[in-house]
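Enquirer: Okay, handing you the structure first.
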Amino acid sequence: MNRIAIVTGASRSKGIGAAVCRELAKTGHSIFFTYWRAYDEEMPWGSNAKEPNLLKEELESFGVQVGMMELDLTRGEAPNALFQKVKEDLGQPSILINNATYSTNDDYSTITAEELDKHYLVNIRATTLLSSRFAQEFTRGSGGRIVNLTSGQFQRPMPGELSYATTKGAIDAMTITLAAEVGKLGITVNSINPGPTDTGWMTEEIKSDLSGMFPSGRVGEPSDVARTIKFLVSEEAEWVTGQIIHSEGGFRR
């Protein structure tokens, strides 16, 4: 199967976005991924300017076409720019993985309008507008797939991450309503919560503390959620839509 998949937020080789790209490329999907180094440079893990190109080369080794674009999803014109570039480089996409996220720590005493807006622009506005643009342009009549990354905000509270929890929680509501709207177009829409996942930010102490909260005795890996997404975009998942899937290895707090 050679379908075109867009994956946002794949700037780091250890991240979920990169893992999703690998899983889909292995099954013959052409990949177009976005990245935004300025965000990573502000985060504790930092940015490696070589990683996007290295990921592109890795994906091409699977024999698929690959495109990439550095894209600031806080900009209103970003969705139009992305879809134009994808169509120019690869063709009409039939899969959209909304993985890009903005996340910093704040709570009721430190939250600011500026920081809340940054979370909103990436986590919910960009996700919604990208999904809308995808549905408007989708013409195949079946096999359209949108998968959003969420974080289980309705499973448990997330003290110290008020802006993040508020905006990521909105993705669940958007997923359910959008699925009802675009099902007639042959598009399924689902969200997936991967639970605590080691994308390079976990110290050995954090992993040790979290491991006991999983029945398997280990934390989640990016490949775990990537395999679940691979199923959700497959033909076998045609009857699964409007769902918030908690694929978090039985995590309990």
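Each value in this text was obtained by applying a stated rule to the coordinates, not by laboratory testing. These figures come from a predicted structure and were not determined experimentally. Cβ placement follows ideal geometry from the backbone for every residue including glycine, while neighbour counts extend to all protein chains displayed.
Enquirer: When the Debye formula is applied to the Cα atoms of region 46-161, each taken as the same point scatterer, what base-10 log of I(q)/I(0) results at q = 0.11, 0.13, 0.17 Å⁻¹?
Expert: Normalising to I(0) and taking log10 leaves -0.48, -0.66, -1.03.
Enquirer: Which whole-number percent is the relative contact order of the chain (Cα, under 8 Å, 6+ apart)?
Expert: It rounds to 20 percent for the chain.
Enquirer: Once phi is turned into ³J(HN,Hα) by the Karplus curve 6.51 cos²θ - 1.76 cosθ + 1.60 with θ = phi - 60°, what whole-Hz value does each residue of region 27-38 show in order, with x for glycine and proline?
Expert: After applying 6.51 cos²θ - 1.76 cosθ + 1.60, I find 9, x, 7, 6, 10, 10, 10, 10, 8, 8, 5, 4 Hz.
Enquirer: For Glu161, list long-range residues whose amide hydrogen, built 1.01 Å from N in the peptide plane, is under 5 Å from its own amide hydrogen.
Expert: Placed amide hydrogens put Asp106 under 5 Å from Glu161.
Enquirer: Cα axis of helix 127-137 to longest principal axis of the chain: angle in degrees, 0 to 90, nearest 10?
Expert: Between the helix axis and the principal axis of the chain, the angle is about 10 degrees.
Enquirer: For the chain, set up a Gaussian network in which alpha carbons nearer than 10 Å are linked by springs, and say which option among Phe154, Phe138, Phe214 fluctuates the most.
Expert: Phe154
Enquirer: Let me ask something else about it. Longest exposed-loop-site-free stretch of the chain, with GluC sites (Glu not before Pro), DSSP loop and at most 13 other Cβ within 10 Å?
Expert: No qualifying site falls inside 78-237, the longest such stretch.
Enquirer: Using modelled backbone amide H atoms (1.01 Å from N, in-plane), which distant-in-sequence or interchain residues come within less than 5 Å of Leu96's amide H?
Expert: The list, which skips near neighbours in sequence, is Ile6, Arg145, Ile146, Val147.
Enquirer: Can you tell me the orientation of helix 51-60 relative to the chain, as the angle in degrees between its alpha-carbon axis and the longest Cα principal axis, to the nearest 10?
Expert: 40 degrees
Enquirer: Which ³J(HN,Hα) values in Hz, rounded to whole numbers, follow from the phi angles of region 153-158 under the Karplus curve 6.51 cos²θ - 1.76 cosθ + 1.60, where θ = phi - 60° and Gly and Pro get x?
Expert: 4, 9, 8, 6, x, 10
Enquirer: What are the ³J(HN,Hα) couplings of region 221-232, residue after residue, when phi is run through the Karplus curve with 6.51, -1.76, 1.60 and θ = phi - 60°? Round to Hz, x for glycine and proline.
Expert: Calculated HN-Hα couplings, in order: 10, x, 5, 5, 5, 4, 5, 5, 5, 4, 5, 4 Hz.
Enquirer: Only Cα pairs within less than 10 Å get springs; with that Gaussian network setup on the chain, which residue of Asn123, Asn98, Asn193 has the largest fluctuation?
Expert: Asn193
Enquirer: Right, here's the next one. In nm, what is the difference between 0.36 nm times the number of residues separating Arg140 and Glu181 and their Cα-Cα distance?
Expert: 13.1 nm
Enquirer: Same structure, new question: Give me the net charge for the shell around Ile146: Cβ to Cβ below 12 angstrom, other residues only, Lys and Arg +1, Asp and Glu -1.
Expert: Neighbourhood net charge equals +1.
Enquirer: Then there's this: Taking amide H positions as placed 1.01 Å from N in the peptide plane, with prolines and chain starts having none, which residues 5 or more places from Met68, or on another chain, fall under 5 Å of its amide H?
Expert: Here the answer is Phe33, since their amide H atoms fall under 5 Å of that of Met68.
Enquirer: Net charge around Leu232, counting only other residues with Cβ within less than 14 Å of its Cβ (Lys, Arg = +1; Asp, Glu = -1)?
Expert: Net charge in that neighbourhood comes out at -1.
Enquirer: Turning to a different aspect of this structure: How large is the dipole of the chain about the Cα centre if only Lys and Arg carry +1 and Asp and Glu carry -1, each at its Cβ, rounded to the nearest 20 debye?
Expert: I would put it at about 680 debye.
Enquirer: When only Cα pairs under 8 Å and 6 or more residues apart are kept, what is the percent relative contact order across region 55-193?
Expert: 27 percent.
Enquirer: Pull out the extension gain between Lys14 and Asp89, defined as 0.36 nm times the separation in residues minus the alpha carbon to alpha carbon distance; nm, one decimal.
Expert: 24.5 nm
Enquirer: Compute the convex hull volume of the Cα atoms of region 4-246, divide it by the residue count, and report the result per residue in Å³ as a whole number.
Expert: Value for region 4-246: 127 Å³ per residue.
Enquirer: Count the lysine pairs in region 4-246 whose Cα atoms lie under 24 Å apart, taking only pairs 8 or more positions apart in sequence or on different chains.
Expert: Lysine pairs satisfying the spacing and distance rule in region 4-246 number 23.
Enquirer: Projected onto the charge dipole of region 1-111 (+1 at Lys/Arg Cβ, -1 at Asp/Glu Cβ, origin at the Cα centre), which of Leu71, Gly91, Leu54 gives the Cα projection farthest towards the positive end?
Expert: The residue sitting most towards the positive pole is Gly91.
Enquirer: Once you charge only the Cβ atoms, +1 for Lys and Arg and -1 for Asp and Glu, what is the size of the charge dipole of region 24-98 about its Cα centre, to the nearest 20 debye?
Expert: With Lys and Arg at +1 and Asp and Glu at -1, about 240 debye.
Enquirer: Could you compute the net charge surrounding Ser163? Neighbours are other residues with a C-beta less than 15 Å from the C-beta of Ser163; K and R count +1, D and E count -1.
Expert: -4
Enquirer: Using a Gaussian network model of the chain whose springs link C-alpha atoms within less than 10 Å, name the residue from Gly144, Gly169, Gly17 with the highest mean-square fluctuation.
Expert: Residue with maximal mean-square fluctuation among Gly144, Gly169, Gly17: Gly169.
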